[in-house]
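**Q** Structure provided below as structure tokens; questions to follow.
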Amino acid sequence: MRVDCRSRLRPALYGGNRRCAAHGNAAQTPRGDHTRQDFIDTNVTGTLNLLEEAVAASVEAFVFTSTTSVFGDALVPPPGAPAAWITEEVRPIPKNIYGVTKAAAEELCQLFHRNHRLSVIVLRTSRCFPEADDDRLKREAFADANMKANEFLNRRVDLEDVVSAHLLAMDRAAALGFGRYIITAETPFRPEDMAELRRDAAAVVLRRIPAYEAEYARRGWRMTPGIDRVYVSAKAIEALGWRPRVDFQRIVTLLAAGEDWRSPLARAVGAKGYHPESFTEGPYPVA
């Protein structure tokens, strides 16, 4: 999926407020309908073009939408090890062309801050898309709403919270200069939970948010057996003054009240899909 960033940037580059928010747009995973060069053209060359235009127009703030996918192999600890506690200090080890090109675009952002004093904020967003998961085994094991609710424990964020993070990043960019921040729902977990979380996630969730058990039982939902990584948004919350509204605790509360836990924006946007046609193995062909 691609979006023409030029139309979004034109008011910022040439308008009165001189702010620029850039989105690198490509699939979440290597897809069979895009070549590796497509990813380079969009995520690397496209970002470079936007950065150069931003400098030329004396833009005050450049916000780059990155992804937690840049962490790649750093997200999966070896068998028997505790779950990975993923903060901005974890070194990315990209595992596919998407992660490599997004990581390269991040480095371009830092380079332009260093050499041109462009104020740049990189937001590594976790999952916010409403489309079905590309993993067939997960789709077969969990109802879609059940799986997405589980992911708010460690790797998902509501779309409205993503938008609010971008708006705050534009406001804070000049003061911060440069920064990379993980944008994800606040997790109820703590570092001391990581060993047990890997082998028995339900026990840890029950201890942290006991109300979930009755609501899940009422709906016939299940908790994932184990969790292998936890994204941590503490740095973004502190630096940007950001406060994500949707987290697992709120989801449980709204489910118990019979309400939709998605934000109004997430409901309004809905699922757009990746293709007009459908594929046997998932929402898009995975390379």
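Just so you know, all these numbers are worked out from the coordinates, no wet-lab data involved. Here the structure is a predicted model, which means the values were calculated and not measured. Quick reminder, even Gly has a Cβ in these numbers, built from the backbone with ideal geometry, and neighbours come from all protein chains shown.
**Q** Taking the Cβ-Cβ separation of residue 222 and residue 265 as r and a Förster radius of 30 Å, what is the calculated FRET efficiency to the nearest 0.05?
**A** Values: r = 28 Å, r/R0 = 0.95.
Calculated transfer efficiency: 0.60.
**Q** Moving to a separate point now. Run down the aspartates and glutamates and flag those whose C-alpha is under 17 Å from the C-alpha of residue 235, throwing out any fewer than 8 positions away in its chain.
**A** 88, 89, 161, 171, 186, 247
**Q** Once the piece of chain linking residue 235 and residue 195 is laid out straight, how much longer is it, given 0.36 nm per residue of separation minus the C-alpha distance between them?
**A** Details: separation 40, 0.36 × 40 = 14.40 nm, distance 2.28 nm.
Here the answer is 12.1 nm.
**Q** A further question follows. Give the cross-link partners of residue 95 among the lysines, using a straight C-alpha distance below 23 Å as the criterion and excluding same-chain residues fewer than 8 apart.
**A** Once the sequence-local lysines are set aside, what remains near residue 95 is 138.
**Q** Here's a follow-up. For residue 110 and residue 93 in the same chain, what is the full-extension length gain: residue separation times 0.36 nm, less their Cα-Cα distance, in nm?
**A** In short, 4.3 nm is gained.
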